[in-house]
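> To start, I am sharing the structure in question, which I have written as structure tokens.
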Amino acid sequence: METLEISKLYAITFLKGVIVNQIGIVENIVIVGIAVIIIAVIVILIYKKKKKQYIYFIEP
């Protein structure tokens, strides 16, 4: 779980850096797109993990 949180923080920091340095170059748009996909995957993983833990918690 900690690894996921660190990954999420890294992805957000990375995305902020890309946005700050954005000059409208296609490469930057692609990088932002990849970063958004990475964040989406991380969020889905966290949601699935929490959902599984929650279900497990309901039925011990």
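> Among all residue pairs at least 6 apart or on different chains, which show Cβ distances below 7 Å where the first residue, located in the stretch 31-48, is among the small types (G, A, S) and the second is in a helix (DSSP H, G or I) and surrounded by 12 or more Cβ atoms within 10 Å (Cβ to Cβ)?
A35/A11; A35/F14; A35/L15; A35/V18
Conditions tested, residue by residue: (1) modelled with pLDDT of 75 or more; (2) part of a helix (DSSP H, G or I).
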position: S7; (1), (2): yes, yes
position: Q22; (1), (2): no, no
position: A35; (1), (2): yes, yes
position: Q53; (1), (2): no, yes
position: F57; (1), (2): no, yes
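The values are calculated or read from the model by the stated rules, or taken from the named source; none is laboratory data. Bear in mind that the values here come from a model prediction, so they are computed numbers and not experimental data. Positions of Cβ are backbone-derived with ideal geometry, glycine not excepted, and every protein chain shown enters the neighbour counts.
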